[in-house]
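Asker: Structure in structure tokens, see below.
The values are calculated or read from the model by the stated rules, or taken from the named source; none is laboratory data. The model shown is predicted, which means the values in this text are computed figures rather than measured ones. Note: ideal-geometry Cβ built from the backbone for every residue, glycine included; neighbour counts use all protein chains shown. Accessible surface areas use protein heavy atoms only, side chains included; no ligands, DNA or RNA. Shrake-Rupley method; radii C 1.70, N 1.55, O 1.52, S 1.80 Å.
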Amino acid sequence: MTINAASQEWSSLRYAENARFVSDLGEPLLALLNPQPGERILDLGCGDGVLAKKIVNAGATAVGIDGSADMVAAALRNGIDARIVDAHNLNFGAEFDAVFSNAALHWMKRDPDAVIAGVHHALKASGRFVAEMGGHGNVAAICVALFATLEKYGVNDPPANPWYFPSVNEYRTKLGQHGFRVEYIGLIPRPTPLPTGMRAWLETFAIPFTKAVRHERRSAFLDEVTERLRPVLCDSDGLWTADYVRLRFSARRGT
Ligand code: BEZ
């Protein structure tokens, strides 16, 4: 059984309920982007468009793209010019002042080089690529619990991690190879409180793993992953914190 990110399914309602913290925690990245009035900015993996809306509120024009039709529908309802696009096949040509991406690039594991090349092509000369994604070591405890429980459930083929969590060196090298000058890149440990708990996080984000388990065993599988994680990620008040590590960067397209 192979696990791949493409088997993730998005529901804008479930996302709003269990993952609002993702856009709430996007402020430092927006500050790094520093959108200016009159700029045209592409939001890569815009989700329901909450951060694109903040870019618009700063006076810029935002175009949002996302692979999920349900997320794009939610972004359109939020007033964003949003389109369904697979980021591996970007087809924009030197038309954006900046490309922005929050918590999306780690889902694009199939061919990260194709994504970066498409971003480079989409930017005007000297345009900037400002993004944050899961970095090396991101959700490590959660990954160990998922893989260990999959093995117990007889799914030991062995599955590949569906998420792309590169190190600083790996991603800096890729950006350089595609013609970007990296102005800032860093790995930022960011323990992240989960307002609706670990099981809801797994139901929202770990669908590629859950789908590897037979349908009638999925609920028990999620219960077991949650219980494995309780001693390390749940405090004595019952509050869950995920072991997030962010890779954040700002890079400029060469002329
Ligand atoms: C993240 O934002 O780091 C993340 C989201 C979903 C799955 C794994 C990681």
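Asker: Take the alpha-carbon centre of segment 190-212, take the same for segment 222-246, and report the distance between them in whole Å.
Answerer: 10
Asker: Can you list residues from other chains, or at least 5 along the same chain, whose modelled amide H is less than 5 Å from the amide H of Asp43?
Answerer: Here Val63, Gly64, Ile65, Phe100 satisfy the definition.
Asker: When the Karplus curve 6.51 cos²θ - 1.76 cosθ + 1.60 is applied with θ = phi - 60°, which whole-Hz ³J(HN,Hα) does each residue of segment 139-147 get, with x for Gly and Pro?
Answerer: 6, 4, 4, 5, 4, 4, 5, 5, 5
Asker: Amide H of Val182: which non-local residues (sequence gap of 5 or more, or other chain) have their own amide H closer than 5 Å, using H built in the peptide plane?
Answerer: Here Arg252 satisfy the definition.
Asker: For a quick check of understanding: with a 1.4 angstrom probe and all protein chains in place, what accessible area in square angstrom does Arg246 have, to the nearest ten?
Answerer: 10
Asker: While we're looking at this one, here's another question. May I ask you to list the GluC sites (Glu not before Pro) in segment 1-42 that are in a DSSP loop and have at most 16 other Cβ atoms within 10 Å of their Cβ?
Answerer: The qualifying sites are Glu9.
Asker: Using the heavy atoms of the protein chains and a 1.4 angstrom probe, tell me the accessible area per residue for the chain in square angstrom.
Answerer: Per-residue value: 43 Å².
Asker: A follow-up question, please. Quick one: pull the percent of accessible area on segment 66-218 belonging to carbon and sulfur, 1.4 Å probe, ligands and nucleic acids left out.
Answerer: Carbon and sulfur together cover 52 percent of it.
Asker: Another question, if that's okay. For segment 106-161 and segment 19-35, what is the separation of their C-alpha centers, rounded to whole Å?
Answerer: Their Cα centres are 19 Å away from one another.
Asker: Exactly which trypsin sites (Lys or Arg not before Pro) in segment 113-199 are in a DSSP loop and have at most 13 other Cβ atoms within 10 Å?
Answerer: Listed in order of number, the matching sites amount to none.
Asker: Here's a follow-up. Mind checking segment 202-245 for trypsin sites (Lys or Arg not before Pro) that DSSP puts in a loop (not H, G, I, E or B) and that have at most 12 other Cβ atoms within 10 Å?
Answerer: Sites meeting the loop and neighbour criteria: Arg214.
Asker: P(r) for segment 108-255, please, calculated from all Cα pair distances in 10 Å bins and given in %.
Answerer: Each 10 Å bin holds this share of Cα pairs: 11, 34, 28, 19, 8, 0.
Asker: Give the accessible area for Cys234 in Å² (nearest 10); use a 1.4 Å probe, count only protein heavy atoms, and leave out ligands, DNA and RNA.
Answerer: 30
Asker: Using θ = phi - 60° and the Karplus relation 6.51 cos²θ - 1.76 cosθ + 1.60, list the HN-Hα couplings for segment 78-85 in order, rounded to whole Hz, with x at every Gly or Pro.
Answerer: Once θ is set to phi - 60°, the couplings for segment 78-85 become 7, x, 8, 6, 10, 9, 7, 9 Hz.
Asker: Mind checking which lysines have their Cα closer than 30 Å to the Cα of Lys54? Skip sequence neighbours fewer than 8 apart in that chain.
Answerer: Leaving aside lysines fewer than 8 places away in the same chain, those within reach of Lys54 are Lys109, Lys124, Lys174.
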